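Accompanying notes for the structure given below.
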Amino acid sequence: MPTPDTPAWYVFDGTAISRTDTAPDRERLQRLEDPPPWRVFSHPGADQGSERARAFIPDPADVLHVNAALQLRRPLLITGQPGSGKTTLAHAVARELGLGPVLRWSITSRSTLQDGQYQYDAVARLQDIERMRLAADGRAAEPTDIGRYLTLGPLGTAFYGTDPETTDEPFPRVLLIDEIDKSDIDLPNDLLHVLEEGRFEIPELVRLKEQQPAVEVRGWGVGARRCRIVEGEVQCRAFPLVVMTSNGEREFPPAFLRRCLRLRMQPPGKKKLAQIVAAHWASAPEHQAAIDALIEEFLRCREQDRKLLATDQLLHAVALSIAGVDLTRFCGEGIEDRGVLGTLYAPLDGD
């Protein structure tokens, strides 16, 4: 059984004793506070990035670079420490300008240019043709519509440039190419060529353009509608705001850098951290003293102890504090073991 020293905010007490057999323990689960605003999953396909962007506060330099990238139709390469707001900036632009959900392309060492352009399920198409042949008692079967097996990738959908929910009028989408410094060495230059040309071909459609000059394929993302591709070419109709993020883990070729606008996002200071917290919890004045203490400790760890920290870590600490967890008793102690606050403010570089 829980001891008298068990904190009131605990739901799991570690006794391994179930009070309700197999049914959920409603009494204990109802003691959970409401989740942080950015962890509310209200419906399938909810845009969590847009929720985070609601409370995002960009610096004047961030605003300047975004506007320059929009005017010049140039990619924006953003570097900065993890958690400095690189991806959130892309969501903030899409939210403010009503450009639809951000088209996100998360890069790995195995990513290729075609991953961003389109995807073709050749196996499924061959299986469908075979089933049609068998259904026709071995007679030659008509090939199924190839557009059913093609999906534009995030780059291809951004080039198409149409909001999947409202209108056919082309306008810029926001394309987030996340952590491009993790890519294969050739991807930045391959990507640069396509962005300069503003077009690319889908070979599977080019081969069939005499028989099928126009093919409808599915766009990228949940609920995306179909896009009409003519003669196998995806032509940029409205150049997207291309936001590429980098943690500064590698150098890029000069030719690539020359064609990008570069922005380095700085870690937020005390005033901006307070604004970010207030934007998420504007109705919690009774917690202000604890929040101020957590901000001071966050800055002390980041600046005096030289820890690599992200703003998310502060927000997690504030969320627990508002839920009733007293974290201030761990602030300002020059010891390694600081309880849960030590975990929340653990350095991201592992040092």
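The values are calculated or read from the model by the stated rules, or taken from the named source; none is laboratory data. Small disclaimer: the values here were computed from a predicted structure and weren't measured. Cβ coordinates were reconstructed from backbone atoms using ideal geometry, including for glycine residues, and neighbour counts include every protein chain displayed.
In segment 203-260, which residues are touching a Pro at 6+ places or on another chain (Cβ under 7 Å) and assigned to a strand (DSSP E or B)? Val230, Leu241, Val242, Met244 - these are the residues of segment 203-260 that are touching a Pro at 6+ places or on another chain (Cβ under 7 Å) and assigned to a strand (DSSP E or B). Here is the figure for segment 282-294: residues that are under 27 Å from the mean Cα position of the chain (by Cα) and over 12 Å from Leu314 (Cβ atoms) total 1. Could we say that Leu134 is of a type outside the set (D, E, K, R), modelled with pLDDT of 95 or more and assigned by TED's automatic domain parsing to the domain that holds Leu192 here? Here the answer is no, as Leu134 does not meet what is asked.
Would you check if there is a residue in segment 315-322 being in contact (Cβ under 8 Å) with a residue 12 or more places away in the chain and out of contact with any helix residue (DSSP H, G or I) (no Cβ under 8 Å at 6 or more places or on another chain)? Scanning segment 315-322, I find at least one residue that is in contact (Cβ under 8 Å) with a residue 12 or more places away in the chain and out of contact with any helix residue (DSSP H, G or I) (no Cβ under 8 Å at 6 or more places or on another chain), so the answer is yes. Restricting attention to segment 261-271, the residues that are among the charged types (D, E, K, R), touching a Leu at 6+ places or on another chain (Cβ under 9 Å) and not in a helix (DSSP H, G or I) total 1. So, of the residues in segment 298-311 that are in a helix (DSSP H, G or I), in contact with a helix residue (DSSP H, G or I) (Cβ under 7 Å, 6 or more places away or on another chain) and not aromatic (Phe, Trp, Tyr), which turns out to be modelled with the lowest pLDDT? Ranking the candidates gives Thr311 first. Here Thr245, Thr311 are screened, and the one residue that is under 22 Å from the mean Cα position of the chain (by Cα), outside the structural domain of Leu76 (by TED's automatic domain parsing), touching a residue at least 60 places away in the same chain (Cβ under 8 Å) and within 30 Å of Pro172 (Cβ to Cβ) is Thr311. Determine whether segment 101-118 contains at least one residue that is at pLDDT below 95, buried (at least 21 other Cβ atoms within 10 Å of the Cβ), out of contact with any Leu (no Cβ under 9 Å at 6 or more places or on another chain) and within 28 Å of Leu70 (Cβ to Cβ). The answer is yes; a qualifying residue exists. The residue pairs whose first member lies in segment 261-275 and is in contact (Cβ under 8 Å) with a residue 12 or more places away in the chain, whose second member is surrounded by fewer than 15 Cβ atoms within 10 Å (Cβ to Cβ), and whose beta carbons are closer than 6 Å, counting only pairs six or more residues apart or on different chains, are Leu261/Ala68.
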